[in-house]
Structures are given as C-alpha cells and as structure tokens.
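All remarks here apply to the structure that follows.
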Amino acid sequence: MTHFKHFPVILAAILIATVAIFYSCSKQETEIQTNGIEPVQMTQADFDFQNQLVHFKDKLDYQREHPGYKSGEMMRVDSAIYLMEALFNYNYGFPEKSYKELKHDSCSIFLETDSEGLISLEEINLKYNELTETIQTVHYNSGFDNKGLILASIEKGEVEVNQTELEIYVVTGNLNGTTFPFAEGDDWWYGFDAGRCDGSPGSDTTDAAELIESYIVVSYILPPPPPGFRYVYAPEETITLVGNEYLNPNMLYPIDNYLDYLMYYAAAEVDPLVDSVKCLSHLEMNFYVDGGIEIATNKLPDTYNKPSNWLFMSCDYYDVTEISEGEELVLRHEAKFVFSLRYLIPEEVDPRIIL
C-alpha cells in the first residue's frame with residue numbers, strides 16, 4: 001500500500017500561476033498551442049473548474065501547513081462537498097484505466113456545522129483528511145490485488161443540529177480478470193449468485209447481473225486526453241433504471257421475454273418464467289453488455305439532453321425478483337449508472353497518487 005503524501009510546492013505554484021492566466025480569459029472557448037500539435041480547445045467551464053479546484057487545494061495546503069491558522073472563512077455544505085469530492089478524485093482517481101471488474105462500497109463521515117449550517121475551512125481540512133483515510137481503508141479492503149480507484153462520490157445524508165452526514169460511494173476497479181466477449185458455454189442464471197446454468201462447481205459465487213456489469217467495464221474505456229493535458233472527472237449524477245426503459249430496437253414483436261429490452265426484463269404475464277428465460281445464454285449475455293453500453297453512452301445522454309462532457313463512469317447491476325401491480329412475477333436486472341462531468345486541464349506531469 002502506498003502512503004499518502006502532499007503535492008510538491010512547485011507543482012502547486014505552477015498550477016496557481018496557470019489558473020491566474022486562465023482566469024483573465026473571457027472567451028467561452030480558447031485554443032492553446034501545444035508544441036506543433038493541433039491546438040487544444042479549453043472551454044470556459046474547464047477554466048472555471050480548474051480555478052475553483054486549485055484555489056480550494058491551495059487553501060487546504062496552507063491550512064495543513066499552518067494548523068493553528070484561523071481564516072474565519074465559512075462555506076456552505078453543498079459547496080464543501082463538491083470541492084472535497086473534486087479534489088479527492090483529482091488526487092487519487094484513475095478512471096481511464098482498463099478494469100476487468102468493479103467493487104462498489106459505501107461509508108460515511110460527519111461534518112460539524114454552525115447554527116446556520118455553515119462549515120469552517122478548518123473543519124473542511126480535518127474532514128478532507130478523514131475522508132481520505134476512510135476511502136483508503138475501503139479501497140485497501142476491496143479484495144483486489146491489482147487495483148485502482150475509479151471514483152469516489154459524496155452525497156449529503158441526514159442533517160441534524162450542527163451536523164451533516166456525508167454518504168461516500170467508492171468504486172474500486174480490478175486490473176486483473178476475464179476478457180470479453182462471452183464464449184459458447186458461458187451461460188449464467190440471471191441472479192442470486194446461482195452461477196452457471198450447467199451447475200459448474202465453484203461458479204455459484206456470481207451471476208449474470210454481476211458479470212454483465214463487469215463486462216461493460218471491460219468494453220468501455222474513457223478516451224485519452226490530448227498530449228500535455230489531463231481530464232479530471234467530477235462525479236455529477238447517478239441514474240437508476242429498472243430494466244424496461246429502453247426497448248431492443250431490433251426486437252421482433254410481440255414481446256416474448258427474449259431480448260425485449262436493452263436490459264434483462266422478463267414478466268410472467270408475457271410468458272411463463274421457465275428455466276430457459278431465467279438462464280441467459282452467452283449470446284444473451286453479450287447482447288446485454290452491448291445494451292448497457294448503448295444505454296450509458298447514447299440513450300441516457302440523449303434522454304436527459306446532457307452536454308458532451310457528461311460521461312459514463314461506472315455501473316452497478318443487480319438482480320430483482322418482484323410481484324407486479326397485476327400480481328404477476330417479474331424477473332429483471334436493475335442498474336445504477338454513474339456519470340461525471342469531464343474537465344480538461346493542462347498538466348505536463350501527472351500528480352496523482354496511488355492509494
């Protein structure tokens with residue numbers, strides 16, 4: 001395990017100086033020449049994000065170096081959450097790596113606020129350190145030998161007098177694992193960690209839902225930044241789908257519980273839920289992987305009219321067995337799709353630290 005360390009002072013100075021130049025720019029998009037390569041366009045949103053991030057980091061660094069310093073600065077909890085989340089992912093996130101498997105964990109810490117619900121800079125500094133240590137522990141205990149942090153997302157939890165809970169969601173990636181696509185014989189029960197449909201010994205530790213999730217990750221790799229730049233991802237939104245939101249565009253009507261939707265969804269009112277419906281063949285598994293990628297990269301951005309820098313980061317699939325309103329059994333996969341806003345910043349040297 002790599003120990004945490006602070007950024008070099010020189011790097012911080014470079015970043016601050018860079019932001020000072022950017023901040024004076026008033027154009028919505030600015031071209032930056034990069035050593036004979038085609039100019040790279042940075043948007044005003046890129047500049048604003050970098051400006052916020054570096055100023056926040058600079059304040060925490062100063063507070064850390066001068067523990068007795070009382071700035072008197074107070075911040076709204078929502079602003080503190082956004083900046084802590086952005087800075088942590090800037091420091092420790094490696095979402096662009098190629099992962100074979102994901103693990104989703106959750107934990108929480110508490111912010112101390114004043115009577116108006118504001119938080120001091122001194123408290124933010126303490127809680128950022130606690131946040132880092134908490135996520136480091138979760139990440140270390142993921143069970144993966146060769147791992148990387150994909151992202152950490154923070155949401156506001158319960159609010160009490162002088163205290164706000166921060167709910168933290170951590171996605172760790174396994175750099176070792178299987179390869180895509182599923183081959184003949186890779187037939188899996190839809191859920192319940194029931195394993196392969198042929199009952200292969202030792203396979204009953206996973207199921208179709210978990211494997212589809214993992215293979216979506218295998219197949220989807222974030223695009224690299226231009227030379228001399230880096231993409232920073234700020235977790236922005238999680239969207240939950242119940243499975244029947246998007247029809248298979250190549251489906252042959254009527255619905256028959258076979259590849260009807262881009263996610264697995266089968267209802268007894270359509271056709272009996274026999275074993276051939278509950279067992280997903282390797283062809284069905286590959287279809288649902290491709291369906292998940294289509295949902296994440298095209299369907300959801302179009303449905304919610306999102307900007308081009310709103311990108312898919314990870315997903316969490318799980319099986320659901322339920323009774324419908326008509327008291328008919330429904331078997332389905334539910335999924336949470338996590339998206340981030342991507343910002344481009346100039347950075348010759350990668351300052352990230354491996355947890």
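Note on the range 58-80: residues that are buried (at least 20 other Cβ atoms within 10 Å of the Cβ) and within 22 Å of the chain's Cα centre (by Cα) amount to 1.
Consider Ile216 carefully, then state whether it is β-branched (Val, Ile, Thr) and modelled with pLDDT of 95 or more.
Here the answer is no, as Ile216 does not meet what is asked.
Can you name the residue in the range 88-131 that is among the small types (Gly, Ala, Ser) and buried (at least 18 other Cβ atoms within 10 Å of the Cβ) and, of all such residues, is farthest from Ile150 (Cα to Cα)? Out of the qualifying residues, it is Ser120. Out of curiosity, is Ile216 within 30 Å of Asp46 (Cβ to Cβ), in contact (Cβ under 8 Å) with a residue 40 or more places away in the chain and either touching a helix residue (DSSP H, G or I) at 6+ places or on another chain (Cβ under 9 Å) or of a type in the set (Phe, Trp, Tyr) (or both)? Considered against the rule, which asks whether it is within 30 Å of Asp46 (Cβ to Cβ), in contact (Cβ under 8 Å) with a residue 40 or more places away in the chain and either touching a helix residue (DSSP H, G or I) at 6+ places or on another chain (Cβ under 9 Å) or of a type in the set (Phe, Trp, Tyr) (or both), Ile216 comes out as yes.
Yes or no, residue by residue, for (1) within 30 Å of Phe88 (Cα to Cα); (2) among the charged types (D, E, K, R):
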{"position": "Glu237", "(1), (2)": "yes, yes"}
{"position": "Thr240", "(1), (2)": "yes, no"}
{"position": "Gly243", "(1), (2)": "no, no"}
{"position": "Leu247", "(1), (2)": "no, no"}
{"position": "Pro254", "(1), (2)": "no, no"}
{"position": "Met263", "(1), (2)": "no, no"}
{"position": "Ala266", "(1), (2)": "no, no"}
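For Leu151, indicate whether it is touching a helix residue (DSSP H, G or I) at 6+ places or on another chain (Cβ under 9 Å) and not β-branched (Val, Ile, Thr). So Leu151 fits the description; yes. Among the strands (runs of 3 or more DSSP E) confined to the range 244-355, the ones with at least 3 residues that are under 26 Å from Lys103 (Cβ atoms) and basic (Lys, Arg) are located at 329-346. Considering Gly191, Gly199, Gly173, the condition of being touching a residue at least 40 places away in the same chain (Cβ under 8 Å) and in a loop (DSSP other than H, G, I, E, B) is satisfied by Gly191 alone. Among the residues here, Glu167 does not qualify as within 29 Å of Leu118 (Cβ to Cβ), without any contact (Cβ under 8 Å) to a residue 60 or more places away in the chain and assigned to a strand (DSSP E or B). Entry remark, the range 321-345: residues being in contact with a helix residue (DSSP H, G or I) (Cβ under 9 Å, 6 or more places away or on another chain) and surrounded by fewer than 20 Cβ atoms within 10 Å (Cβ to Cβ) number 2 in total.
Within the range 233-277, which residues are among the charged types (D, E, K, R) and surrounded by 20 or more Cβ atoms within 10 Å (Cβ to Cβ)?
Initially, the range 233-277 is screened for residues among the charged types (D, E, K, R), giving 236-237, 245, 256, 260, 269, 271, 275.
Within the range 233-277, Asp260 is the sole residue that qualifies.
The values are calculated or read from the model by the stated rules, or taken from the named source; none is laboratory data. The shown structure was predicted, so the numbers you read here are calculated from the model rather than taken from an experiment. As a convention, Cβ positions derive from the backbone with ideal geometry for all residues, glycine included, and neighbour counts pool all protein chains shown.
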